Structures are given as structure tokens and as C-alpha cells.
Amino acid sequence: MGAMTPTSTEPVLPTRDDPVVRAGSELVGGPAGRRIRFVPNRWWTPVRVLVLLAVVCFALGIMQKKPCYDGGWFSGTTQYSHACYSDMPHLYINRGLADGKIPYFQETGDKDMKFLEYPVITGGVMTFAATLSRAAGDITGGDLQDEQLWFVMINALIMMACAVVTVIAVKGTSGRRPWDAAMVACAPALALNGLINWDLVAVALTAVAMWSWARRNVVVAGVLIGLATAAKLYPVLLLAPLFLLCLRSGRMVAFAKTAAAATASWLVVNLPVMLDFDGGLHIREGWKLFYTFSQDRPADYGSIWLIIQQRDGRPLEHLNTYVTLGLVLCCLAIAALSMYAPRRPRFAQLVFLIVAAFILTNKVYSPQYVLWLIPLAVLARPRWRDFLIWQACEVTYFIGVWMYIASFSGKGLSQNAYHVVILLHLLGTAYICLVVVRDILRPDRDPVRADGGDDPSGGVLDRAPDVFVPNSVLARAQG
């Protein structure tokens, strides 16, 4: 691939570029005309509009949880029948946060989970919010239930900030396509799942890491990947596409700097918690629970393995082997695609594919995992039609999983119906994967490259020529 020059520096307008937006614009006067002028320094800049959209979307998600605010999290099946479940109020009590216990260093007091089962940055966010919640409870004279609500609301503000940061980062990574970030800001799954858990912390760090890489700040990108991995495991997967793309383009020095910075930042935040010097140097039990818990976890909600297990009527033996084999095969296919594609894939495309492969082959699919994919899907395949099809599948799964759990103690979704909902989620994600793979094999179908540009998310990879392509190497060897 030779060097390429973009045809324009003006932003891409969705009403011209996207068929769905163009059709919808007829309600407000039609697509932007050819003679439209770009006026600099307007107050309603894309960033401000996108931030407003993200805040409104997330606020709707907070309102959606309202049936649980008055004790619904602990009274019967309300949290499931009204789809307002959140881990936050439950873990505030069950992980010792209400008692001021220090995660990883002190036991939770819960017989089912001896220590906090989250990575250290997520644990730090939880501890910070719990400290503020206990202080608010003391000031207002509220009871434990009031503290729980404080805990949820404080975390809601933190998660909203993370959502805003994610939207801004996607806007920055999109280059000439700033309005693609509106898909993130308005995503139904963002509103519905943003308050279930703390995944948006890792999502925001990952989005900013990709923005930093796009701006050629390779060390900063590495630091942020390391921090994101210290909040959730999946961001470490970003290093695999970077390695493959840097290998193909001869940018291995940039990759080495990023990988070293990621390793260093991960160690900086983990080592103080990981190492226990009491009675000799060893790994702290509370720190490693996150990793052993993931390994020992059985097939659970939302996974293809749960369908197989429930159909078979017994637990799956060697489940970890199947999961590992499935992920390895997907990674090998992605590696082959990245090296043999006629044109080097975009960074965001490969990141989406590998994180989606991790989700599709995993032992569990918690509803909030969709948050990992939202910014990646927008950067990989910025088309409203495909995005809305996928989001419809995810919204259906969001409703279905809670209705299925509600059926355990009353009316709800049957097991067979829940299996259909799982398959719908899997097919929706697989659909986006297939479209992205098609765009890689047929770059002329890629919306981002339609104007002659290359890879706005690629940073040092953008417009870089290939120096290592297996087909070319093999042809030279044979010649």
C-alpha cells in the first residue's frame, strides 16, 4: 500500500454520507447542500453537541432505573421485572464497602466471595464512591438504604463522566468524521447498561488510549492501555492488533514503546496491591481472586456455552479448554486477515474483531459487556443502519435476560425463549463482525476509506506503506 492523501480536510457530513441519516434529514429540510459553509468557532461545536447528547442519553438511563430506587433492588423481583437491576447497591453491602473495608487487603465478610473480585482500578473507583457515600450518609443521617442510593448516584455521575470522555475520544479518533461519535452518545445500550457495573471506566480509558494512538502519542497510548487493563481485562487485547499492523507496516519500534508503557503502567498500579510481604514475599490472595474467579467460573448467562449446557442437562467438562480453543482460532483467523488482506486493515477494525471474538467465545455475557463494543463498532463500521440493527439485538437481550431471571420466582421468559434471545445477541454481534470483515476484504465498501483516506485511528500506521506482507515475501522467495 502506497502513501495516500485525503481528498479533503472538511468534516464528513452524515446527511451526505449515511443513507439512514440522509433519509431521516428529510424531516428537517433534507441533506446539507453542496454550497454549505463551514463557520469556525461556532458555539454549538460538534464536541458540545455530542457531550449534550451523551448526558441526555445517560440521564435517560438513570431514569430507567427509577423503579429500583425505593427499595426495588431488595424487594422481590422488581429489579428483574422492571429491568432496573444494578450490581452497585448489592456490592456496596456484600463486598464490605459499607463497612469501610479496604478491598484486597481485608476480607469482605461475604461467605460466597471472600475478597473483591474486580481489578484494582475498578476497586479504587468503588472504594472512592463508597467513602463519599458513607460521608453523605453521616451528614444526612440516613440509614443503610440511603447510603446505597448515594453510592449508586455517585457512581452514576462517575459513569456519566466516563461516557462523555468516551464520546469525546471517539470523536477525536474519527478524524474527518466527528459526527460518527453521535452513535456512541445516543446508543440505547449505553443508556440501559451504563449503571449495571463499572465497565465504563475501562471503556473510557480504552477510548482515550485509541485516541492517543491516533494522535501518534504511542507512549501515552501504552500507559492508558495498561491502566485500562487494570480496570478490566479486555483492553490488553488491543496490543495484538497493534503488533500485527506494526509488523506489516514496519513500525515495530512504535509498538515496542506502546507495549513497554502498557506493561509499566499496569505494574505501577498493581504491584502495591499484588505483593504481600507479610511472612515473606508472595502474591496477595485478595488481588489474584479476579483472575482465579474468571478461570473457575462456569458457563453463565448470555453465552453459547450456557445453551449447550442447558440443552445437554449437565455441566460442560473442559469448558476452559473449549473457550480457549475458540478464542485462539478466532485470533488466528484475525491474524491471517490482517496479514493477507489486500489492503492493511484499519486499527479500529481489528480491535473490534478481537474484542468481539473474546465476547462471543466467553463463558459469560453480562449485559454491560456491550459497552466494550459500542465505541469500537462505531469506529470500525460507522453506518447507522448496521449499528441500529445490532443495538436492537442488544436491547432485546437486555430485556430478555432480566425476564428470564424473573421467571425463577414468578412469571417471565422460559428457558427456550431465553436461548432464542442469546442467539439473537450472538447473531447481532456476528453480523457486525461479518460486515467489518467484508470491508477489510473490499476496502471500497469501507465508509471511512470511501473518500480516498486511509486510517484516522491508525496514528503512525496512517498512510504508511507496507513493508511486510506474506504474499509479497512468498512471491519474492519463489521468484
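The values are calculated or read from the model by the stated rules, or taken from the named source; none is laboratory data. Because the structure is predicted, anything quoted here is derived from the model rather than measured. Neighbour counts run over all protein chains shown; Cβ positions are idealised from the backbone, glycine included. Areas reflect the complete protein model, heavy atoms only, side chains present, ligands, DNA and RNA absent. Shrake-Rupley method; radii C 1.70, N 1.55, O 1.52, S 1.80 Å.
Here are the numbers:
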{"item": "Largest-first principal axis extents of the Cα set of the range 202-269 (Å)", "result": "31, 20, 18"}
{"item": "Mean separation of Cα contacts under 8 Å (6+ apart) over length of the range 350-479, as relative contact order %", "result": "21"}
{"item": "Computed accessible area, residue 441, all protein chains, 1.4 angstrom probe, square angstrom", "result": "90"}
{"item": "Per residue value of the accessible surface for the range 321-479 (all protein chains in place, 1.4 Å probe), Å²", "result": "38"}
{"item": "Calculated FRET efficiency for the pair residue 468/residue 217, C-beta based, R₀ 22 Å, to 0.05", "result": "0.35"}
{"item": "Overall form of the range 64-184 per C-alpha gyration tensor (a/c, 1.5; a/b vs b/c)", "result": "prolate"}
{"item": "Contact order normalised by residue count of the range 270-390, Cα under 8 Å, 6+ apart, percent", "result": "25"}
{"item": "Relative contact order for the chain, counting Cα pairs under 8 Å that sit 6 or more residues apart, in percent", "result": "20"}
{"item": "Dipole magnitude of the chain about its Cα centre (Cβ charges: Lys, Arg +1; Asp, Glu -1), debye to nearest 20", "result": "1860"}
{"item": "Where 322, 118 fall by accessible area, highest first, once all protein chains stay in place (1.4 Å)", "result": "322, 118"}
{"item": "Largest-first ordering by accessible area, 1.4 Å probe, given options 283, 62", "result": "283, 62"}
{"item": "Percent carbon-and-sulfur accessible area, the chain, ignoring ligands, DNA and RNA, probe 1.4 Å", "result": "64"}
{"item": "FRET efficiency estimate (nearest 0.05) - Cβ-Cβ, residue 16 to residue 275, R0 56 angstrom", "result": "0.50"}
{"item": "Among 330-339, 350-359, the order from most to least packed when residues are scored by Cβ within 10 Å on average", "result": "350-359, 330-339"}
{"item": "C-alpha center-to-center spacing [the range 305-347, the range 189-230] in angstrom", "result": "24"}
{"item": "Solvent exposure of the range 92-213 as accessible area per residue, Å², 1.4 Å probe", "result": "34"}
{"item": "Per DSSP, loop trypsin sites (Lys or Arg not before Pro) in the range 390-460 with at most 13 further Cβ within 10 Å", "result": "411"}
{"item": "Solvent-accessible area of residue 372 with every protein chain in place, 1.4 Å probe, in Å² to the nearest 10", "result": "10"}
{"item": "Shape category assigned to the range 249-373 from the gyration tensor of Cα positions, a/c cut at 1.5", "result": "oblate"}
{"item": "Average accessible area per residue (Å²) across the range 214-319 - probe 1.4 Å, nucleic acids and ligands excluded", "result": "50"}
{"item": "Solvent-accessible surface (1.4 angstrom probe) belonging to residue 60, in square angstrom, nearest 10", "result": "100"}
{"item": "Among 102, 197, 453 the positive-end extreme of the charge dipole of the chain (Cβ point charges)", "result": "453"}
{"item": "Accessible surface ranking that places the most exposed of 288, 232, 66, 171 first, with a 1.4 angstrom probe", "result": "66, 288, 171, 232"}
